[in-house]
Amino acid sequence: MIAHPCLQPPVRGPALPAAIVAVDDCGAFLAREDGRVERLPRHWLARHSSWTGRVYGPKLQVRFVRRRLELRVDERAVWRAARVYPDYGGSLAFGPHDLFAFTTFKRGLFLASRPGRERLVVRGRGLYPIGFTPRGDVLVALPRSRIWLVDAGGHVLLRIRYRARNGFAFDERTGTLTWISRRRRLAQLVDRRFALRRRLLTDGWLQLEPAGLLGFVGLRSLLVTSADGSRVASATVARGTIDSGVTGSPDGSRFAFRVRLGAARVGAPVEVYVLRAGGSVARRLLRYRLRAVGCGGGAGYGWDGDALLYYGAEDTRQIAIDTRSGRVTDLSRLVRVLPRRGPYANLAWRSAYS
C-alpha cells in the first residue's frame, strides 16, 4: 500500500544562503542553510505573519450585500453604504479614527467614518484615493497628473501637479507623498508640510525603496537616491530592458533588478543584476532563457542580508542567490524533496515572518 504523499518525511535539500519557509498543499516546512528540512507545527503560519506594512486587520472584508458596499470585521457588519453605487470600482483607502474613502468612476470621492453615512466631497470622473495622512486628510489622484489634499470636511487644502513620466509614490507608514514637479524638482508632502528637494534629471518611474530611499527606473537606466534626492547608486544597461523595477535590501546596501533581452517570448534571455550602494556598475549574477510567457510577467525579489530570493513570474522559476559569493541555487531542487501532491510550493525567507 502506497502511503499518502503528505505523510512522507521530508528529506535533505540543497544548501541555502539563508533559511527558507516553504508552503505547499501538504503544509509548511522549514529548510535550513545546511539543507535539513523539517515540518513546521500546525497553525505555525497563523501565528507568524509575513506582513510588515500598515495593517488594518486581516479580518476586514469588503463585500456587496443587496448591491450595497459593506465593511465587515470578524464577519460582523460595521458599516454599510446608504445607497447603491453601480460604478464602484474597488478603490478604497483607510485612515485614522475609523475614516475611510472610496471612489466611484462617475461621481467622485466619498468620505465616511464608521458607522456614519458617506459624503461626496470631490466630484469628478476617474478619481482614485491614494491614502490618508496621520492627521486624517485624504490624498486623491485626479486625471491629467493632479493630486489634491482634502480634509475630513471636504475642503481642498493643496493642489499638486506631478510629472507624468515619473509618477508619484505614497508611503503609508509615514504618510509621505513623493513626486517630481513639472520643473523636475523632487518634492515631498508630510502631513501638511510641503518641501522641495534637489532637481533630478531622470525619466525613471518613481518607487519607494527600503531604508527611506527612492528608486527611479527607466527602460535602460536606474537611479537610487536618498530622500533629499542625493545620489546613492546608478546604472545603465547597454542593451535590453529593465522590466521589473528595482528592489533594495532592507539596509539599502544592495539593489536587485532584471534585464530582458528582446521581446517577451519563449527563449528570450533574462539577466539578473545586483548594484551596490555607491556604485555605478551592476554585477550580473544570473542568466537564463524564458521557458514560458503568459499574461503575467516580470519578477519578484526578497532579501535576507546578502541573500536574494528571485522569482520569475513567467515560468514560476525560484532561485536563491548569495550576492557575496555569487552562488546560485535553483530552488526546484528544494521543492522536489518536500512532501507534496502538486508541483509547486511558495517560498520565502524565514526572516520575512515575524
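The values are calculated or read from the model by the stated rules, or taken from the named source; none is laboratory data. Note that this is a predicted model, so its numbers are computed, not measured. Neighbour counts are summed over all protein chains in view; Cβ atoms, including those assigned to glycine, are modelled from backbone coordinates with ideal geometry. Note: accessible area is taken over every heavy atom of the protein model, side chains too, but ligands, DNA and RNA are not part of it. Shrake-Rupley method; radii C 1.70, N 1.55, O 1.52, S 1.80 Å.
A few notes on this one:
- Restricting attention to segment 141-151, the residues that are in contact with a Ser or Thr (Cβ under 8 Å, 6 or more places away or on another chain) and at pLDDT below 95 add up to 0.
- Residues in segment 245-258 that are part of a strand (DSSP E or B) and surrounded by 22 or more Cβ atoms within 10 Å (Cβ to Cβ): 246, 248, 254, 255, 256, 257, 258.
- Pairs are defined by a Cβ separation below 7 Å, a sequence spacing of at least 6 or placement on different chains, a first member in segment 218-246 that is at positive phi, and a second member that is open to solvent by less than 40 Å² (accessible area, probe 1.4 Å) and assigned to a loop (DSSP other than H, G, I, E, B); the pairs so defined are 229/200; 240/261.
- Residue tally, condition touching a residue at least 24 places away in the same chain (Cβ under 8 Å) and either hydroxyl-bearing (Ser, Thr, Tyr) or surrounded by 16 or more Cβ atoms within 10 Å (Cβ to Cβ) (or both), over segment 23-46: 9
Residue-by-condition table, conditions (1) open to solvent by 30 Å² or more (accessible area, probe 1.4 Å); (2) at pLDDT 85 or above; (3) of a type in the set (Ser, Thr, Tyr):
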{"position": "63", "(1), (2), (3)": "yes, no, no"}
{"position": "68", "(1), (2), (3)": "yes, no, no"}
{"position": "72", "(1), (2), (3)": "yes, no, no"}
{"position": "80", "(1), (2), (3)": "yes, yes, no"}
{"position": "95", "(1), (2), (3)": "no, yes, no"}
{"position": "104", "(1), (2), (3)": "no, yes, yes"}
{"position": "108", "(1), (2), (3)": "no, yes, no"}
{"position": "115", "(1), (2), (3)": "yes, no, no"}
{"position": "139", "(1), (2), (3)": "no, yes, no"}
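- Condition met for residue 345 (within 19 Å of the chain's Cα centre (by Cα) and among the hydrophobic types (A, V, I, L, M, F, W, C)): no
- Scope segment 104-132; condition in a strand (DSSP E or B) and over 22 Å from the mean Cα position of the chain (by Cα); matching residues: 104, 108, 109, 110, 111, 112, 113, 119, 120, 121, 122, 123
- All conditions but one from (1) modelled with pLDDT under 95; (2) in contact with a Lys or Arg (Cβ under 7 Å, 6 or more places away or on another chain); (3) of a type outside the set (D, E, K, R) apply to residue 298; the one that does not is (2).
- Residue 293 being among the β-branched types (Val, Ile, Thr) and in contact with a Leu (Cβ under 9 Å, 6 or more places away or on another chain): no
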